[in-house]
1. Which count do you get for residues in segment 69-97 that are under 19 Å from Gln27 (Cα atoms) and either open to solvent by less than 10 Å² (accessible area, probe 1.4 Å) or not in a loop (DSSP other than H, G, I, E, B) (or both)?
2. If you go through segment 212-243 one residue at a time, how many are of a type in the set (Gly, Ala, Ser) and in contact (Cβ under 8 Å) with a residue 60 or more places away in the chain?
3. If you check Glu321, Glu317, Glu258, which single one turns out to be of a type in the set (D, E, K, R), free of Cβ contacts under 8 Å to residues at least 40 places away in the same chain and part of a loop (DSSP other than H, G, I, E, B)?
4. Please determine, by comparing only the residues of segment 227-245 that are surrounded by fewer than 17 Cβ atoms within 10 Å (Cβ to Cβ) and among the basic types (Lys, Arg), which one is farthest from Asp89 (Cα to Cα).
5. His66 - would you say it is at pLDDT 95 or above, surrounded by 13 or more Cβ atoms within 10 Å (Cβ to Cβ) and assigned to a helix (DSSP H, G or I)?
6. Among the candidates Val267, Val329, Val260, single out the residue that is at pLDDT 90 or above, touching an Asp or Glu at 6+ places or on another chain (Cβ under 7 Å) and either farther than 20 Å from Leu386 by Cβ or of a type outside the set (Ser, Thr, Tyr) (or both).
7. Could you please give the count of residues in segment 208-226 that are crowded, with 19+ Cβ neighbours inside 10 Å and part of a loop (DSSP other than H, G, I, E, B)?
8. Return yes or no: is Leu350 in contact with a Gly (Cβ under 9 Å, 6 or more places away or on another chain) and closer than 19 Å to Leu284 by Cβ?
Amino acid sequence: QFTTRVVSCRAAELRPESGGEPVRGFQVVLEDTILFPEGGGQPDDRGLIGDVPVLRVTRRGPEAVHFVTAALEPGAEVLLSLDWERRFDHMQQHSGQHLISAIAEQMFGFKTTSWELGRQRSVIELDTPLVTAEQVKALEKSVNEKIRDRVPVTVRELAADDPEIETVKSRGLPDDHVGPVRVVDIKGIDSNLCCGTHVSNLSDLQVIKLLGVEKGKKNKTNLVFLVGNRVLKSIDQSHSTEKALTSLLKNGPGEHVEAVRRLQSSVKLLQKNNLNLLRDIAVLIARDFKSKPAPRQLFVLHRKEGDSEFMNIIANEIGTEETLLFLTVGDEKEAGLFLLAGPVEAVENLGPRVAELLGGKGAGKRGRFQGKAAKMSRRGEVQALLQEFISHQNPEA
């Protein structure tokens, strides 16, 4: 916590990170702050001004701008409280990134071109097209050895014109930067220009887990990692999943993969058998319709189980030169598939209207119009439309 004063408060809007309507509130500038504004690859802090939540902290030149939903009186003394759990998480990830980047360059010559501190995991972009699994393993081993060595992490401030700045790693300063330059040192390992928040000793990182690499931009590789408490949370989630799978699969963790393979094989066989049965059912349905003594001009069928192939087999078996077919598959209360088949001119005329009634989309050619339907419950309206069309075509029907 930190006591300070309100310098200014002005009305503003905040667009939520997840999208949606802007939030109306106020931009507040304080005499000083303990809340970090976003920058350098690190997200901003959260906290309270009095009892008012701070929803965003951004940098405007040398000022930190706090977005809140309640107005604050300029000149008022306020107590600023920091969300320490979020801050410490960011400290661990950011210091972890400095350590990983430094050791990756020392061991393999891989330079870091950018990084992102994500909500679940963080990513370092390395200036290399390839990082092998053996290199990832060696890098992970080395960074965790540095953590166990309890190496100090210190912060220095240098004047903007200090020649020592030239000896420190940097990706450049923002155009609107003013004042001294901040240098973060990991003793004997790394010295880096950085505005972010860091631990004071590598032992505070607890542990680093490299999750592997992903293909990045051209000739780049993304290295995915977790640090400290995020590793513990990941283990908790994995353990919970493992327990659930042990209960479902009725075997130990070491047998889970093989058990899932057997299940996948069984499912594929069942799906194949099910498709064969559906084809047989489709043929029988069509033959039953054709065996009726008096030919009908409209055939309507709905079935919960089925697919496009099922409907097309029925249409092929019945023939669509004289009969108009309206077939649907899926849950009546949810979405599904539909097929309108019959004389070419009739289908071209009715297809788009059927799709519209069913709240779906479709396309057609050569006497068939099929697609997806969002409102299967309106099948009755479609049937009435088709019956009316046939009646107009053939009043005696």
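1. Within segment 69-97, residues that are under 19 Å from Gln27 (Cα atoms) and either open to solvent by less than 10 Å² (accessible area, probe 1.4 Å) or not in a loop (DSSP other than H, G, I, E, B) (or both) number 6.
2. Our first condition is that a residue be of a type in the set (Gly, Ala, Ser); within segment 212-243, this holds for 212, 216, 228, 234, 238, 240.
From the residues that got through so far, the ones that are in contact (Cβ under 8 Å) with a residue 60 or more places away in the chain too are 212, 216, 228.
Final tally of qualifying residues: 3.
3. Details: Glu317 fails: part of a loop (DSSP other than H, G, I, E, B); Glu258 fails: part of a loop (DSSP other than H, G, I, E, B).
Testing whether each residue is of a type in the set (D, E, K, R), free of Cβ contacts under 8 Å to residues at least 40 places away in the same chain and part of a loop (DSSP other than H, G, I, E, B) leaves just Glu321.
4. Selected residue: Lys243.
5. Details: at pLDDT 95 or above: yes; surrounded by 13 or more Cβ atoms within 10 Å (Cβ to Cβ): yes; assigned to a helix (DSSP H, G or I): no.
No, not satisfied.
6. Values: Val267 fails: touching an Asp or Glu at 6+ places or on another chain (Cβ under 7 Å); Val260 fails: touching an Asp or Glu at 6+ places or on another chain (Cβ under 7 Å).
Just a single option satisfies the conditions, and that option is Val329.
7. 1
8. Numbers: in contact with a Gly (Cβ under 9 Å, 6 or more places away or on another chain): yes; closer than 19 Å to Leu284 by Cβ: no.
Considered against the rule, which asks whether it is in contact with a Gly (Cβ under 9 Å, 6 or more places away or on another chain) and closer than 19 Å to Leu284 by Cβ, Leu350 comes out as no.
The values are calculated or read from the model by the stated rules, or taken from the named source; none is laboratory data. Here the structure is a predicted model, which is why all the values come from computation and not from measurement. Every residue, glycine among them, receives a Cβ derived from its backbone with ideal geometry; neighbour counts consider all protein chains shown. SASA here: full protein model, heavy atoms, side chains in, ligands and nucleic acids out. Shrake-Rupley method; radii C 1.70, N 1.55, O 1.52, S 1.80 Å.
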